[in-house]
Amino acid sequence: MNRHNLSTSNSNIKSLKKTLGFLMKLLCVLIALVFFMGVIIMPQYRYAYTASLCDKMERLKSIDEPKIVLISNSNLSFGINSEILEEAFDMPVVNMGLHGSMGNAFHEEMAKVNLHEGDIIVVAHTEYSDDDKITDPVTAWLAVENHPQLWQIIRPKDIPDMYFSFSTYAKRALTLWASKEGNEQDLGTVYSRFAFNEYGDVAFERKTSRYTFTEKSVHVPSINEICTNRLNELNQYVSDRGASLVIAAYPIAYGEYTPPAEEYVQFQTKLQEALDCPVISDYRDYFIDYDYFYDTEYHLTNEGADLRTRQLVYDLEQWMLQ
């Protein structure tokens, strides 16, 4: 080897060492950042409404006997009295209803957790048209934070969206940490982890309506194949494990702005034709007077939740008799 080649080789070795040194330092910085965020900063929403998912998941994983699992958004958390349901069927009930901003697909993944033969999975979406994504990944971050037991409901296809939304969540978490305002234990609000009971229902007292309906408040749900095909796949997954998946109605505000009942019949017919699993409810049976809605078009007062639950009990009883 001549001097020129030797010099070039030494130069390449030095360059490689510098590159490796830089990469090692970068890796150390990244590890330090991950440790700082994952251990020191997170979680900052330990007692927020979304953190109730930790408790719901713990209950879901703790029950190995046949159980009733309720899947959807907050129309369930604010619209079911699980004790009534449990007493009617002598089966444990887990209310996994959480937050509309997370989307149908996010909630449906919960149906796969600790699934056993004899389980009854009740899906009660308020819409059947979606893009098969987490609607608001930042809100999902508020729930999962650094809780490993919750990450199993994040699908591989959701990881890119979660990744790109992390900076927004991290900024909020850092702000709360720096101001020492994170992890506040607010016992006096319905939107708190403490508002839930052991079943996963919002048990905070909701005696009277606080919501004013308008022409835009109530509409007939839409349907697309993305949602119905995914539900059919979920139905196959559930059936293969000896469990059952059924579709139940959500509470429909009934008053001057409610669309004609015929439109709900058309929606239900279309939904039944698209799904392999049974639709056990007549949506018209879930028309509930405006006075029973608490603070949104899907959240019920305590009395409204009791009414809706008794109707669900009847629907499940009729389905079981078939």
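The values are calculated or read from the model by the stated rules, or taken from the named source; none is laboratory data. Keep in mind that this is a model prediction, so the values were computed, not measured. Methodologically, a virtual Cβ is constructed for each residue, glycine included, from the backbone with ideal geometry; neighbour enumeration extends over all protein chains shown. We work out accessible area using only protein heavy atoms, side chains counted, and drop any ligands, DNA or RNA first. Shrake-Rupley method; radii C 1.70, N 1.55, O 1.52, S 1.80 Å.
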Quiz item: Mind checking the dipole of the stretch 41-117: about its Cα centre, +1 per Lys or Arg Cβ, -1 per Asp or Glu Cβ, Debye to the nearest 20?
Solution: 420 debye
Self-check item: Rg/Rh (Cα only; Kirkwood hydrodynamic radius) as it applies to the chain
Solution: 1.12
Quiz item: Let a ≥ b ≥ c be the square roots of the eigenvalues of the Cα gyration tensor of the stretch 63-170; is it rounded (a/c under 1.5), or, if not, prolate (a/b larger than b/c) or oblate?
Solution: prolate
Exercise. Before anything else, pin down the relative contact order of the chain: Cα pairs under 8 Å, at least 6 apart, normalised by residue count, whole percent.
Key: 23 percent
Self-check item: Sulfur and carbon atoms: percent of accessible area, the chain [1.4 Å]
Solution: 53 percent
Practice problem: Give me the percent of DSSP beta bridges within the chain that run antiparallel, rounded to the nearest 5. | Solution: 15 percent
Practice problem: Set Lys and Arg Cβ to +1 and Asp and Glu Cβ to -1, take the dipole of the stretch 52-189 about its Cα centre, and tell me which of LEU176, ILE63, PHE89 lies farthest positive. | Solution: LEU176
Quiz prompt | Heavy-atom accessible area per residue - the stretch 65-205, 1.4 Å, Å² | solution = 41 Å²
Quiz item: Per-residue accessible area for LEU321 at 1.4 Å probe radius, Å² rounded to 10?
Solution: 140 Å²
Practice problem: Starting from the Cα of LYS157, draw a straight line to each of the aspartates and glutamates and keep only those under 13 Å, dropping any in the same chain fewer than 8 residues away. | Solution: GLU109, ASP131, ASP132
Exercise. Show PHE166, PHE267 ordered by accessible area, largest first, where the area counts protein heavy atoms only and the probe is 1.4 Å.
Key: PHE166, PHE267
Exercise. Under 1.5 on a/c is rounded, so check that first for the stretch 174-280, then, if it is not, pick prolate when a/b is larger than b/c and oblate when it is not; a ≥ b ≥ c are the square roots of the alpha carbon gyration tensor eigenvalues.
Key: oblate
